[in-house]
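Report on one structure; see the data block that follows.
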Amino acid sequence: MQSFNTYRYRLETFTESRSTKWSQEPYKGQRVDAGIQRAPGPWEIAAQPPSYFIEHKETIRVPYTSSIKKCDPCSGMGRNACSSCTGTGSKVCSGCNGSGQSPDNESCSRCHCSGCEKCGSCSGSGFNKCDTCDGNGQLLVFINLKVKWSTEKDDFVEKDDFVAQDSSGLRQEKLGKVSGKELFRDAQIMVYPVLGFPDVSVAQASERLIRHHQGKYTKNSRILQQRQTVELITITRVKYTWKEKPYVYYVYGNELKVNVLDYPATCCCCSVM
Ligand SMILES: [Zn+2]
Ligand SMILES: [Zn+2]
Ligand SMILES: [Zn+2]
């Protein structure tokens, strides 16, 4: 049995990003306020995330951007020609296929010999209510502000011998699924690199990732909070022999996950522990 202790440094940055988009909805007497005063910019509108490090989205109608416009698809009529009967209100009779006569040469009772019947889609009117404006002929157009809160996360796992030494060793991505013993935790609007940590590579990773996050997430978003942790993850490599052949397995993380390489037999009578 051989022990490897590995540090995992994790930096999480909780960001807020904002974008605007023109939107519309049927006009039904909503408040029209465009031009009353200057519309606020995206970052001038108050929005509060429910909690730090929790994904969340919010859509806010930007004040002083709402105005009325004529509905395009129906040209302000509130209705469109019925697509089923092309606006005529009638269709070829389905009882006699338009001939006015039934198959046994009787007169068609469905259309009374006219060969046409009323269109079912528009009840014979030739028009349907416009979906875009819900029949009102007018739309309210306005700017919507979309606010998105998200957590960006980066891990640094100390490169240790256990990966390099043995090509069939425990893969580093496996460690992403386990937790370790938390040695250090720090949360604030902007964190500072970990100083004085005994392991130099952790301190370097901290500095590098913080610089990376603070550059990347201040371009199109704002950083509301950062959190950094250092965890100690224990890894034990166990070498054993089964039927004169050598095998290896790993026990790692707080969860004591077991990773078995080339497990010799899938029998139920032997326990690896
Ligand atoms: Zn008919
Ligand atoms: Zn119709
Ligand atoms: Zn319309």
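Descriptive notes on the structure:
- Residue list for the range 96-107, restricted to those being of a type outside the set (D, E, K, R) and either more than 21 Å from residue 85 (Cα to Cα) or within 16 Å of ligand 3 (Cβ to nearest atom) (or both): 101, 102, 103, 105, 107
- Checking every residue in the range 200-217 against the condition of being at pLDDT 85 or above, surrounded by 15 or more Cβ atoms within 10 Å (Cβ to Cβ), among the β-branched types (Val, Ile, Thr) and more than 16 Å from residue 9 (Cβ to Cβ) gives zero matches.
- Candidates 119, 130, 93, filtered to the one that is modelled with pLDDT of 90 or more, touching a strand residue (DSSP E or B) at 6+ places or on another chain (Cβ under 7 Å), within 16 Å of ligand 3 (Cβ to nearest atom) and of a type outside the set (Val, Ile, Thr): 130
- Set 76, 29, 35, 98: member being part of a loop (DSSP other than H, G, I, E, B) and within 16 Å of ligand 1 (Cβ to nearest atom): 98
- None of 84, 102, 94, 51 is of a type in the set (S, T, N, Q), without any contact (Cβ under 8 Å) to a residue 40 or more places away in the chain and closer than 30 Å to residue 175 by Cα except 51.
- Residue check: residue 80 meets all listed conditions (1) out of contact with any helix residue (DSSP H, G or I) (no Cβ under 9 Å at 6 or more places or on another chain); (2) surrounded by fewer than 17 Cβ atoms within 10 Å (Cβ to Cβ); (3) farther than 30 Å from residue 155 by Cβ but one, namely (2).
To keep it simple, each residue is scored yes or no on (1) over 30 Å from residue 135 (Cβ atoms); (2) loosely packed, with under 15 Cβ neighbours inside 10 Å; (3) of a type in the set (D, E, K, R).
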| site | (1), (2), (3) |
| --- | --- |
| 11 | yes, no, no |
| 14 | yes, no, no |
| 21 | no, yes, yes |
| 48 | yes, yes, no |
| 54 | yes, yes, no |
| 59 | no, yes, no |
| 69 | no, yes, yes |
| 74 | no, no, no |
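- Among the residues of the range 79-95, those identified as assigned to a loop (DSSP other than H, G, I, E, B) and within 39 Å of the chain's Cα centre (by Cα) are 82, 83, 84.
- Number of residues in the range 110-135 that are near ligand 1 (Cβ under 8 Å from one of its atoms), of a type in the set (Gly, Ala, Ser) and on the phi < 0 side of the Ramachandran plot equals 1.
The values are calculated or read from the model by the stated rules, or taken from the named source; none is laboratory data. Everything quoted here is computed from the prediction, not taken from an experiment. Note that each Cβ is placed from the backbone with ideal geometry, even for glycine, and that neighbours are counted across all protein chains shown.
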